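Engineer: I'd like to ask some things about the structure below.
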Amino acid sequence: MPIQHYPTLGAYLAANRCVSTEYDNEPLELLEGTPPPDLVGTLLRNGNGRFEHQGVVYEHLFDGDGMVARFVFDGQGGVRYRNRYVRTREFVAEEAAGRMLYRSFGTNLPGGLRANFGKMQFKNTANTSLVQHGGHLLALWEGGLPHALDPATLATLGRFDYGGVLRNKFSWLDRRITPEMPFSAHPKVHPTTGVLHNFGTVAGTTHRLVLYEVSPGGQARVAHALPMPAATFAHDFLLTQSGHQIFFLTPVAFDVLRAFSGLTSPAASIRVDRTQGTQVVVVAPDGTVHRLTTDFCFVFHFVNGYQDADGTLVADALLLDDYPDSLSIRAYLKGNLPNDAIQARFTRFRLDLAAGTVARQPLSDYEGELPEINPTRTGQPYRYAWSIGRPPSHPLPLLDHLVKLDVHTGEARTSYQPATLCSEPVIIPRPGATAEDDAYLAYLRFDAATHTTDLLVADAASLTTLARWRLPHNIPLGFHGLWIND
Ligand SMILES: [Fe+2]
(Lines give C-alpha, C1' and ligand atoms only; values in the text may rest on other atoms or scores of the structure.)
Protein backbone atom coordinates (compact mmCIF):
# COMPACT_ATOMS: atom_id res chain seq x y z
CA MET A 1 0.00 0.00 0.00
CA PRO A 2 1.59 3.33 -0.99
CA ILE A 3 2.70 5.37 1.94
CA GLN A 4 1.20 8.59 0.53
CA HIS A 5 -2.29 7.23 1.20
CA TYR A 6 -1.65 7.49 4.90
CA PRO A 7 -2.10 10.66 6.90
CA THR A 8 1.16 12.09 8.11
CA LEU A 9 2.36 10.70 11.38
CA GLY A 10 1.56 14.04 12.96
CA ALA A 11 -2.14 13.38 12.43
CA TYR A 12 -1.90 10.54 14.91
CA LEU A 13 -0.77 12.94 17.63
CA ALA A 14 -4.37 14.09 17.99
CA ALA A 15 -4.81 10.80 19.87
CA ASN A 16 -2.88 12.54 22.62
CA ARG A 17 -5.17 15.52 23.08
CA CYS A 18 -5.80 16.32 26.73
CA VAL A 19 -9.04 15.12 28.25
CA SER A 20 -10.87 17.96 29.96
CA THR A 21 -14.33 16.42 30.48
CA GLU A 22 -15.37 13.77 32.96
CA TYR A 23 -18.56 11.87 32.10
CA ASP A 24 -20.98 10.02 34.36
CA ASN A 25 -22.71 6.92 33.02
CA GLU A 26 -22.89 8.35 29.52
CA PRO A 27 -24.70 5.97 27.13
CA LEU A 28 -22.51 5.30 24.10
CA GLU A 29 -23.84 5.41 20.56
CA LEU A 30 -23.69 2.03 18.82
CA LEU A 31 -22.27 2.63 15.35
CA GLU A 32 -22.15 -0.90 13.98
CA GLY A 33 -22.69 -4.55 14.78
CA THR A 34 -24.65 -6.51 17.32
CA PRO A 35 -23.26 -6.52 20.86
CA PRO A 36 -22.94 -10.07 22.23
CA PRO A 37 -25.68 -10.68 24.83
CA ASP A 38 -23.33 -12.77 27.02
CA LEU A 39 -20.86 -9.92 27.32
CA VAL A 40 -21.96 -8.53 30.67
CA GLY A 41 -19.50 -6.76 32.91
CA THR A 42 -17.12 -3.86 33.12
CA LEU A 43 -14.07 -2.87 31.12
CA LEU A 44 -11.69 -0.58 32.95
CA ARG A 45 -8.75 1.13 31.32
CA ASN A 46 -6.04 3.37 32.75
CA GLY A 47 -3.73 5.73 30.94
CA ASN A 48 -2.35 9.22 30.70
CA GLY A 49 -5.25 11.62 30.35
CA ARG A 50 -3.14 14.53 29.21
CA PHE A 51 0.21 15.22 27.70
CA GLU A 52 0.71 18.70 29.05
CA HIS A 53 -0.17 20.66 32.14
CA GLN A 54 -0.95 24.39 32.24
CA GLY A 55 1.06 24.89 29.06
CA VAL A 56 4.02 22.75 30.06
CA VAL A 57 4.30 19.89 27.59
CA TYR A 58 5.40 16.63 29.16
CA GLU A 59 8.57 15.25 27.69
CA HIS A 60 7.71 11.62 28.21
CA LEU A 61 4.83 9.37 27.29
CA PHE A 62 4.55 8.17 30.89
CA ASP A 63 4.06 11.55 32.60
CA GLY A 64 0.38 12.37 32.10
CA ASP A 65 -2.01 12.19 35.04
CA GLY A 66 -3.84 8.89 35.24
CA MET A 67 -7.37 8.86 33.87
CA VAL A 68 -9.50 5.77 34.33
CA ALA A 69 -12.16 4.99 31.75
CA ARG A 70 -14.97 2.60 32.65
CA PHE A 71 -17.35 0.89 30.20
CA VAL A 72 -20.28 -1.02 31.68
CA PHE A 73 -21.80 -3.59 29.28
CA ASP A 74 -25.39 -4.44 30.17
CA GLY A 75 -25.76 -7.45 27.83
CA GLN A 76 -28.62 -5.76 25.99
CA GLY A 77 -26.50 -3.79 23.61
CA GLY A 78 -25.95 -0.86 25.91
CA VAL A 79 -22.64 0.47 27.16
CA ARG A 80 -22.33 3.28 29.68
CA TYR A 81 -19.16 5.30 29.97
CA ARG A 82 -17.56 7.07 32.92
CA ASN A 83 -14.10 8.62 33.15
CA ARG A 84 -12.24 10.08 36.10
CA TYR A 85 -8.79 11.42 36.69
CA VAL A 86 -7.17 9.78 39.68
CA ARG A 87 -7.12 12.45 42.40
CA THR A 88 -3.58 11.87 43.59
CA ARG A 89 -2.36 14.46 46.09
CA GLU A 90 -0.10 15.80 43.35
CA PHE A 91 -3.00 16.12 40.90
CA VAL A 92 -5.12 17.90 43.51
CA ALA A 93 -2.28 20.27 44.48
CA GLU A 94 -1.44 21.13 40.87
CA GLU A 95 -5.09 21.75 40.03
CA ALA A 96 -5.42 24.06 43.03
CA ALA A 97 -2.20 25.90 42.21
CA GLY A 98 -2.95 26.16 38.50
CA ARG A 99 0.61 25.27 37.65
CA MET A 100 3.00 22.36 37.56
CA LEU A 101 4.42 21.72 41.03
CA TYR A 102 6.09 18.34 40.75
CA ARG A 103 8.77 16.70 38.74
CA SER A 104 7.68 13.53 37.03
CA PHE A 105 9.30 10.45 35.52
CA GLY A 106 10.39 12.16 32.32
CA THR A 107 9.78 15.86 32.87
CA ASN A 108 11.54 18.29 35.16
CA LEU A 109 9.89 21.51 36.29
CA PRO A 110 10.36 24.51 34.02
CA GLY A 111 13.20 26.73 35.24
CA GLY A 112 16.22 24.49 34.95
CA LEU A 113 18.36 23.27 37.80
CA ARG A 114 17.31 26.12 40.06
CA ALA A 115 13.71 24.96 39.99
CA ASN A 116 14.52 21.27 40.30
CA PHE A 117 17.53 21.02 42.59
CA GLY A 118 16.81 18.93 45.67
CA LYS A 119 13.17 18.34 44.73
CA MET A 120 12.93 14.67 45.64
CA GLN A 121 9.18 14.32 45.54
CA PHE A 122 7.91 13.14 42.20
CA LYS A 123 4.39 13.14 40.87
CA ASN A 124 2.67 9.79 41.32
CA THR A 125 0.71 9.71 38.07
CA ALA A 126 -1.31 6.56 38.97
CA ASN A 127 -1.64 6.15 35.23
CA THR A 128 -0.36 2.73 34.22
CA SER A 129 -2.77 -0.05 35.07
CA LEU A 130 -5.43 -1.32 37.44
CA VAL A 131 -5.91 -4.38 39.56
CA GLN A 132 -8.91 -5.66 41.48
CA HIS A 133 -7.89 -8.05 44.23
CA GLY A 134 -8.45 -8.61 47.95
CA GLY A 135 -11.48 -6.35 47.98
CA HIS A 136 -9.71 -3.36 46.49
CA LEU A 137 -9.64 -1.69 43.09
CA LEU A 138 -6.24 -0.04 42.70
CA ALA A 139 -4.77 2.33 40.12
CA LEU A 140 -1.10 1.45 39.76
CA TRP A 141 2.11 3.31 38.95
CA GLU A 142 5.45 1.58 39.30
CA GLY A 143 7.22 4.50 40.97
CA GLY A 144 5.07 4.74 44.08
CA LEU A 145 2.03 3.69 46.07
CA PRO A 146 -1.19 2.43 44.48
CA HIS A 147 -4.36 4.51 44.75
CA ALA A 148 -7.61 2.90 45.87
CA LEU A 149 -10.64 3.72 43.75
CA ASP A 150 -14.36 3.35 44.34
CA PRO A 151 -15.39 0.81 41.68
CA ALA A 152 -18.87 2.32 41.36
CA THR A 153 -17.96 5.99 41.05
CA LEU A 154 -14.22 5.82 40.21
CA ALA A 155 -13.73 8.36 43.02
CA THR A 156 -10.23 8.25 44.48
CA LEU A 157 -10.34 6.81 48.00
CA GLY A 158 -6.71 7.54 48.73
CA ARG A 159 -3.14 6.35 48.69
CA PHE A 160 -2.96 2.68 49.55
CA ASP A 161 -0.04 1.02 51.37
CA TYR A 162 -1.56 -2.31 52.48
CA GLY A 163 -1.71 -1.29 56.12
CA GLY A 164 1.86 0.00 56.17
CA VAL A 165 3.44 -2.95 54.34
CA LEU A 166 4.62 -0.61 51.58
CA ARG A 167 6.29 1.72 54.09
CA ASN A 168 10.05 1.42 53.74
CA LYS A 169 11.42 -0.37 56.82
CA PHE A 170 15.04 -0.56 55.73
CA SER A 171 17.68 1.79 57.18
CA TRP A 172 17.06 5.38 58.22
CA LEU A 173 18.84 6.61 55.10
CA ASP A 174 16.91 4.20 52.88
CA ARG A 175 13.68 5.53 54.35
CA ARG A 176 14.80 9.08 53.57
CA ILE A 177 15.57 8.15 49.97
CA THR A 178 12.41 6.10 49.31
CA PRO A 179 9.87 6.47 52.15
CA GLU A 180 7.24 4.48 50.30
CA MET A 181 8.12 1.34 48.43
CA PRO A 182 6.90 1.18 44.84
CA PHE A 183 4.34 -1.40 43.77
CA SER A 184 4.68 -2.24 40.09
CA ALA A 185 1.87 -1.86 37.56
CA HIS A 186 2.07 -5.52 36.52
CA PRO A 187 0.99 -7.68 39.46
CA LYS A 188 0.11 -11.29 38.71
CA VAL A 189 -2.53 -13.39 40.44
CA HIS A 190 -1.57 -17.05 40.82
CA PRO A 191 -4.12 -19.13 38.91
CA THR A 192 -4.52 -21.71 41.68
CA THR A 193 -3.85 -19.97 44.99
CA GLY A 194 -5.37 -16.60 44.14
CA VAL A 195 -2.36 -14.95 45.78
CA LEU A 196 -1.33 -11.70 44.11
CA HIS A 197 2.40 -11.40 43.51
CA ASN A 198 4.08 -8.13 42.68
CA PHE A 199 7.40 -6.35 42.97
CA GLY A 200 8.94 -2.94 43.40
CA THR A 201 12.40 -1.69 42.58
CA VAL A 202 13.43 0.29 45.64
CA ALA A 203 16.31 2.75 45.37
CA GLY A 204 18.45 3.15 48.46
CA THR A 205 21.85 2.69 50.02
CA THR A 206 21.40 -0.78 48.55
CA HIS A 207 19.07 -0.95 45.58
CA ARG A 208 16.57 -3.74 46.12
CA LEU A 209 14.13 -5.82 44.17
CA VAL A 210 11.31 -6.24 46.70
CA LEU A 211 8.75 -9.00 46.14
CA TYR A 212 5.27 -8.75 47.65
CA GLU A 213 2.55 -11.29 48.22
CA VAL A 214 -1.09 -10.40 48.87
CA SER A 215 -3.52 -13.08 50.04
CA PRO A 216 -6.93 -13.38 48.36
CA GLY A 217 -8.28 -11.64 51.46
CA GLY A 218 -6.00 -8.65 50.93
CA GLN A 219 -3.29 -9.30 53.55
CA ALA A 220 0.08 -8.22 52.16
CA ARG A 221 3.65 -9.06 53.13
CA VAL A 222 7.15 -8.49 51.84
CA ALA A 223 8.24 -11.97 50.72
CA HIS A 224 11.77 -11.18 49.49
CA ALA A 225 14.15 -8.22 49.29
CA LEU A 226 16.94 -8.99 46.85
CA PRO A 227 19.90 -6.67 46.41
CA MET A 228 20.35 -5.36 42.87
CA PRO A 229 23.66 -4.20 41.39
CA ALA A 230 22.01 -0.99 40.13
CA ALA A 231 18.72 0.91 40.26
CA THR A 232 17.47 -1.20 37.39
CA PHE A 233 14.50 -0.11 35.30
CA ALA A 234 12.17 -3.12 35.47
CA HIS A 235 8.54 -2.80 34.42
CA ASP A 236 7.12 -6.32 34.35
CA PHE A 237 7.80 -9.86 35.53
CA LEU A 238 6.46 -13.39 35.13
CA LEU A 239 4.74 -15.74 37.55
CA THR A 240 4.37 -19.37 36.56
CA GLN A 241 1.79 -21.78 37.90
CA SER A 242 4.75 -23.75 39.28
CA GLY A 243 5.36 -20.72 41.50
CA HIS A 244 8.52 -19.39 39.85
CA GLN A 245 8.90 -15.63 39.56
CA ILE A 246 11.09 -14.40 36.72
CA PHE A 247 12.70 -10.96 36.46
CA PHE A 248 14.97 -9.51 33.79
CA LEU A 249 17.44 -7.08 35.35
CA THR A 250 18.74 -5.44 32.21
CA PRO A 251 21.74 -3.09 32.15
CA VAL A 252 19.34 -0.15 31.91
CA ALA A 253 19.43 1.69 35.21
CA PHE A 254 18.62 5.04 36.79
CA ASP A 255 21.44 7.28 37.94
CA VAL A 256 19.77 7.88 41.28
CA LEU A 257 22.06 10.74 42.28
CA ARG A 258 21.39 12.70 39.08
CA ALA A 259 17.67 12.00 39.20
CA PHE A 260 17.10 12.74 42.88
CA SER A 261 19.29 15.85 42.90
CA GLY A 262 17.28 17.34 40.06
CA LEU A 263 20.06 17.46 37.50
CA THR A 264 17.87 15.45 35.16
CA SER A 265 14.51 13.75 35.19
CA PRO A 266 14.66 10.08 36.19
CA ALA A 267 14.03 9.08 32.56
CA ALA A 268 16.88 11.23 31.32
CA SER A 269 19.19 9.87 34.02
CA ILE A 270 18.90 6.34 32.68
CA ARG A 271 22.22 4.85 31.65
CA VAL A 272 22.46 1.97 29.23
CA ASP A 273 25.53 -0.23 29.34
CA ARG A 274 25.35 -2.25 26.13
CA THR A 275 28.54 -4.09 27.05
CA GLN A 276 26.77 -5.81 29.93
CA GLY A 277 24.48 -8.80 29.84
CA THR A 278 21.00 -9.03 31.29
CA GLN A 279 20.68 -10.76 34.64
CA VAL A 280 17.75 -13.17 34.73
CA VAL A 281 16.61 -13.61 38.33
CA VAL A 282 14.36 -16.55 39.12
CA VAL A 283 12.84 -16.89 42.57
CA ALA A 284 11.77 -20.51 42.97
CA PRO A 285 8.68 -21.42 45.00
CA ASP A 286 10.91 -22.59 47.88
CA GLY A 287 12.55 -19.16 47.95
CA THR A 288 15.79 -20.20 46.25
CA VAL A 289 17.15 -17.38 44.10
CA HIS A 290 18.78 -18.27 40.79
CA ARG A 291 20.75 -15.70 38.83
CA LEU A 292 21.39 -16.46 35.16
CA THR A 293 22.72 -14.21 32.42
CA THR A 294 21.85 -13.57 28.80
CA ASP A 295 23.05 -11.07 26.22
CA PHE A 296 22.12 -7.39 26.47
CA CYS A 297 18.45 -6.70 25.85
CA PHE A 298 15.55 -4.68 27.21
CA VAL A 299 12.01 -5.79 27.98
CA PHE A 300 9.03 -3.66 28.89
CA HIS A 301 6.46 -6.45 28.77
CA PHE A 302 6.41 -10.18 29.10
CA VAL A 303 3.76 -12.21 27.31
CA ASN A 304 3.50 -15.30 29.51
CA GLY A 305 5.72 -17.85 31.22
CA TYR A 306 5.42 -21.39 32.46
CA GLN A 307 7.35 -24.46 33.49
CA ASP A 308 7.65 -26.94 30.63
CA ALA A 309 7.25 -30.70 31.07
CA ASP A 310 11.05 -31.13 31.16
CA GLY A 311 11.37 -28.62 33.99
CA THR A 312 12.66 -25.81 31.79
CA LEU A 313 11.13 -22.42 32.46
CA VAL A 314 9.70 -20.68 29.41
CA ALA A 315 9.66 -16.88 29.45
CA ASP A 316 8.03 -15.19 26.45
CA ALA A 317 8.77 -11.52 26.10
CA LEU A 318 8.49 -8.61 23.74
CA LEU A 319 12.18 -8.07 23.34
CA LEU A 320 13.89 -4.84 22.38
CA ASP A 321 17.40 -4.96 20.98
CA ASP A 322 18.03 -1.57 22.56
CA TYR A 323 16.45 0.81 25.04
CA PRO A 324 14.38 3.66 23.54
CA ASP A 325 15.96 6.60 25.32
CA SER A 326 14.13 9.73 26.42
CA LEU A 327 15.28 11.67 23.34
CA SER A 328 13.58 9.21 21.02
CA ILE A 329 10.43 9.28 23.18
CA ARG A 330 10.42 13.09 22.97
CA ALA A 331 10.80 12.92 19.19
CA TYR A 332 7.91 10.45 19.01
CA LEU A 333 5.68 12.83 20.97
CA LYS A 334 6.42 15.45 18.32
CA GLY A 335 5.45 13.05 15.54
CA ASN A 336 8.98 12.17 14.50
CA LEU A 337 9.29 8.45 14.29
CA PRO A 338 12.10 7.12 12.13
CA ASN A 339 11.35 4.14 9.93
CA ASP A 340 13.97 2.16 11.80
CA ALA A 341 12.53 3.01 15.22
CA ILE A 342 13.34 0.33 17.77
CA GLN A 343 10.40 -2.02 18.18
CA ALA A 344 9.88 -5.11 20.26
CA ARG A 345 9.69 -8.64 18.85
CA PHE A 346 8.05 -11.74 20.31
CA THR A 347 10.88 -13.82 21.73
CA ARG A 348 10.98 -17.04 23.74
CA PHE A 349 13.58 -17.57 26.45
CA ARG A 350 14.21 -21.01 27.89
CA LEU A 351 15.75 -20.99 31.35
CA ASP A 352 17.48 -24.16 32.52
CA LEU A 353 18.04 -23.61 36.23
CA ALA A 354 20.04 -26.84 36.69
CA ALA A 355 22.45 -26.01 33.88
CA GLY A 356 22.37 -22.26 34.55
CA THR A 357 21.71 -21.49 30.89
CA VAL A 358 19.43 -19.14 28.98
CA ALA A 359 18.48 -19.86 25.35
CA ARG A 360 16.44 -17.52 23.18
CA GLN A 361 14.55 -17.95 19.94
CA PRO A 362 12.28 -15.64 17.95
CA LEU A 363 8.59 -16.52 18.01
CA SER A 364 7.62 -14.31 15.08
CA ASP A 365 8.96 -11.56 12.85
CA TYR A 366 6.03 -9.32 13.82
CA GLU A 367 6.73 -6.38 16.08
CA GLY A 368 4.38 -5.76 18.96
CA GLU A 369 3.63 -4.21 22.33
CA LEU A 370 1.01 -4.29 25.07
CA PRO A 371 0.60 -8.08 24.85
CA GLU A 372 -2.34 -9.88 26.38
CA ILE A 373 -3.23 -13.54 26.81
CA ASN A 374 -6.37 -15.37 27.82
CA PRO A 375 -6.23 -14.68 31.58
CA THR A 376 -7.14 -18.30 32.37
CA ARG A 377 -3.75 -19.33 30.86
CA THR A 378 -1.61 -17.15 33.14
CA GLY A 379 1.53 -19.02 34.14
CA GLN A 380 0.61 -22.09 32.09
CA PRO A 381 1.34 -23.44 28.61
CA TYR A 382 -0.64 -21.38 26.10
CA ARG A 383 -0.99 -20.90 22.39
CA TYR A 384 -2.19 -17.37 21.63
CA ALA A 385 -1.07 -13.84 22.34
CA TRP A 386 -2.89 -10.68 21.29
CA SER A 387 -1.24 -7.29 21.02
CA ILE A 388 -0.93 -4.14 19.04
CA GLY A 389 1.69 -4.68 16.38
CA ARG A 390 3.17 -4.31 12.96
CA PRO A 391 3.71 -6.88 10.21
CA PRO A 392 7.25 -7.01 8.78
CA SER A 393 6.19 -5.47 5.46
CA HIS A 394 4.19 -2.57 6.92
CA PRO A 395 5.42 0.76 5.51
CA LEU A 396 4.61 2.83 8.61
CA PRO A 397 6.74 2.71 11.76
CA LEU A 398 3.60 2.38 13.88
CA LEU A 399 2.16 -0.50 15.85
CA ASP A 400 -1.20 0.21 14.22
CA HIS A 401 -2.44 -3.36 13.68
CA LEU A 402 -4.18 -5.70 16.06
CA VAL A 403 -2.27 -8.96 16.13
CA LYS A 404 -3.20 -12.46 17.20
CA LEU A 405 -0.07 -14.57 17.37
CA ASP A 406 0.00 -18.36 17.46
CA VAL A 407 3.12 -18.96 19.54
CA HIS A 408 3.18 -22.61 18.45
CA THR A 409 3.51 -21.86 14.75
CA GLY A 410 4.68 -18.24 14.67
CA GLU A 411 1.79 -17.40 12.37
CA ALA A 412 -0.14 -14.22 13.00
CA ARG A 413 -3.56 -12.95 12.10
CA THR A 414 -4.09 -9.20 11.96
CA SER A 415 -6.85 -6.66 11.87
CA TYR A 416 -6.06 -3.32 10.32
CA GLN A 417 -7.99 -0.16 9.60
CA PRO A 418 -5.79 2.44 7.86
CA ALA A 419 -5.25 5.71 9.71
CA THR A 420 -6.23 4.31 13.07
CA LEU A 421 -4.42 3.38 16.26
CA CYS A 422 -5.58 0.74 18.73
CA SER A 423 -5.21 0.36 22.46
CA GLU A 424 -4.07 -2.75 24.25
CA PRO A 425 -6.67 -5.45 23.57
CA VAL A 426 -8.28 -6.89 26.71
CA ILE A 427 -9.23 -10.57 26.42
CA ILE A 428 -12.58 -11.63 27.88
CA PRO A 429 -13.14 -15.41 27.87
CA ARG A 430 -16.65 -16.24 26.64
CA PRO A 431 -18.82 -17.67 29.45
CA GLY A 432 -18.35 -21.45 29.54
CA ALA A 433 -15.57 -21.38 26.93
CA THR A 434 -12.90 -24.06 26.87
CA ALA A 435 -10.97 -23.10 23.71
CA GLU A 436 -8.26 -20.55 24.42
CA ASP A 437 -9.39 -18.14 21.74
CA ASP A 438 -13.11 -18.55 22.42
CA ALA A 439 -13.18 -15.08 23.82
CA TYR A 440 -14.07 -11.48 23.17
CA LEU A 441 -11.51 -8.80 22.68
CA ALA A 442 -12.26 -5.25 23.78
CA TYR A 443 -10.18 -2.25 22.77
CA LEU A 444 -10.25 1.43 21.91
CA ARG A 445 -9.51 2.72 18.42
CA PHE A 446 -8.53 6.26 17.49
CA ASP A 447 -9.33 7.48 13.99
CA ALA A 448 -6.70 9.96 12.84
CA ALA A 449 -8.92 11.37 10.08
CA THR A 450 -11.93 12.21 12.24
CA HIS A 451 -10.18 12.54 15.62
CA THR A 452 -12.71 10.24 17.21
CA THR A 453 -12.30 7.35 19.64
CA ASP A 454 -14.40 4.19 19.40
CA LEU A 455 -14.85 1.24 21.69
CA LEU A 456 -14.76 -2.06 19.81
CA VAL A 457 -15.61 -5.61 20.73
CA ALA A 458 -14.19 -8.26 18.43
CA ASP A 459 -14.12 -12.02 18.19
CA ALA A 460 -10.76 -13.00 19.68
CA ALA A 461 -10.40 -15.99 17.32
CA SER A 462 -10.91 -14.13 14.05
CA LEU A 463 -10.42 -10.50 15.18
CA THR A 464 -13.70 -9.72 13.36
CA THR A 465 -15.47 -6.68 14.79
CA LEU A 466 -18.73 -7.61 16.51
CA ALA A 467 -19.77 -4.16 17.75
CA ARG A 468 -18.47 -0.61 17.75
CA TRP A 469 -19.51 2.35 19.87
CA ARG A 470 -18.49 6.03 19.64
CA LEU A 471 -17.11 7.78 22.69
CA PRO A 472 -18.41 11.29 23.40
CA HIS A 473 -14.85 12.61 23.23
CA ASN A 474 -11.42 11.68 22.02
CA ILE A 475 -9.37 10.06 24.77
CA PRO A 476 -5.76 8.89 24.66
CA LEU A 477 -5.53 5.13 24.12
CA GLY A 478 -3.83 4.60 27.48
CA PHE A 479 -1.75 1.73 28.75
CA HIS A 480 -3.43 -1.19 30.53
CA GLY A 481 -6.92 -2.32 31.42
CA LEU A 482 -8.91 -5.19 32.84
CA TRP A 483 -12.28 -6.85 32.57
CA ILE A 484 -14.51 -7.54 35.55
CA ASN A 485 -17.39 -9.98 35.09
CA ASP A 486 -20.68 -9.04 36.67
FE1 LIG B 1 3.07 -1.99 31.17
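The values are calculated or read from the model by the stated rules, or taken from the named source; none is laboratory data. These figures come from a predicted structure and were not determined experimentally. Here the Cβ positions follow ideal geometry from the backbone for every residue, glycine too, while neighbour counts run over all protein chains shown. Ligands, DNA and RNA are excluded from the accessible area calculation, which covers all protein heavy atoms including side chains. Shrake-Rupley method; radii C 1.70, N 1.55, O 1.52, S 1.80 Å.
Engineer: What chymotrypsin sites (Phe, Trp or Tyr not before Pro) in the range 52-150 are in a loop by DSSP, with at most 13 other Cβ atoms within 10 Å of the Cβ?
Structural biologist: Working: sites: 58, 62, 71, 73, 81, 85, 91, 102, 105, 117, 122, 141; in loops: 58, 62, 102, 105, 117, 141.
Sites meeting the loop and neighbour criteria: 117.
Engineer: Given N residues in the range 349-479, what is its alpha carbon radius of gyration divided by 2.2 N^0.38 Å? Walk me through the intermediate numbers first.
Structural biologist: Values: Rg = 16.1 Å, N = 131, 2.2 N^0.38 = 14.0 Å.
With N residues counted in the range 349-479, Rg over 2.2 N^0.38 Å equals 1.15.
Engineer: Then there's this: Over the range 385-450, with every protein chain in place, what whole percent of the accessible area is carbon and sulfur at 1.4 Å, could you tell me? List each step's numbers first, then the result.
Structural biologist: Values: 970 of 2140 Å².
C and S fraction of accessible area: 45 percent.
Engineer: Write down the accessible area per residue of the chain in Å², having rolled a 1.4 Å probe over the full set of protein chains.
Structural biologist: Values: 19020 Å² over 486 residues.
Roughly 39 Å² per residue, with all protein chains present.
Engineer: Residue 124's amide H: which non-local residues (gap 5+, or another chain) put their own amide H closer than 5 Å, with H modeled 1.01 Å from N in plane and none for Pro or chain starts?
Structural biologist: 90
Engineer: Still on this structure, I have one more. Could you give each residue of the range 306-315 its phi-based ³J(HN,Hα) in whole Hz, using Karplus coefficients 6.51, -1.76, 1.60 with θ = phi - 60°, and x for Gly or Pro?
Structural biologist: Couplings: 7, 9, 6, 4, 8, x, 5, 8, 9, 10 Hz.
Engineer: DSSP loop (so not H, G, I, E, B), at most 16 other Cβ within 10 Å: list which chymotrypsin sites (Phe, Trp or Tyr not before Pro) in the range 398-481 pass both filters.
Structural biologist: Details: sites: 416, 440, 443, 446, 469, 479; in loops: 416, 479.
Those satisfying the criteria are 416.
Engineer: Whole-Hz Karplus ³J(HN,Hα) for the range 459-473, in order, using 6.51 cos²θ - 1.76 cosθ + 1.60 and θ = phi - 60°, x for Gly and Pro?
Structural biologist: 6, 5, 6, 9, 6, 5, 5, 9, 7, 9, 10, 9, 6, x, 8
Engineer: Where the accessible area of the range 218-354 is counted over protein heavy atoms with a 1.4 Å probe, how much of it, in %, is carbon and sulfur? Numbers along the way, then the final one.
Structural biologist: Details: 2660 of 5500 Å².
C and S atoms contribute 48 percent here.
Engineer: Using only the Cα atoms of the range 3-485, what do you get for the radius of gyration and for Dmax, in Å?
Structural biologist: 21.3, 60
Engineer: On a full-extension model of 0.36 nm per residue, what is the gain between residue 263 and residue 352, subtracting their alpha-carbon distance, rounded to one decimal in nm?
Structural biologist: Details: separation 89, 0.36 × 89 = 32.04 nm, distance 4.20 nm.
So the chain would gain 27.8 nm between residue 263 and residue 352.
Engineer: While we're on this one: If I stretch the segment between residue 26 and residue 96 completely, what's the gain in nm (0.36 nm per residue apart, minus their alpha carbon distance), one decimal? Don't jump to the answer; show the numbers that get you there.
Structural biologist: On the way: separation 70, 0.36 × 70 = 25.20 nm, distance 2.71 nm.
Going from the current span to full extension adds 22.5 nm.
Engineer: Using DSSP loop states and a limit of at most 14 other Cβ atoms within 10 Å to flag trypsin sites (Lys or Arg not before Pro), what is the longest stretch of the chain containing no flagged site?
Structural biologist: Working: sites that count: 99, 169, 274, 334.
The answer is 335-486.
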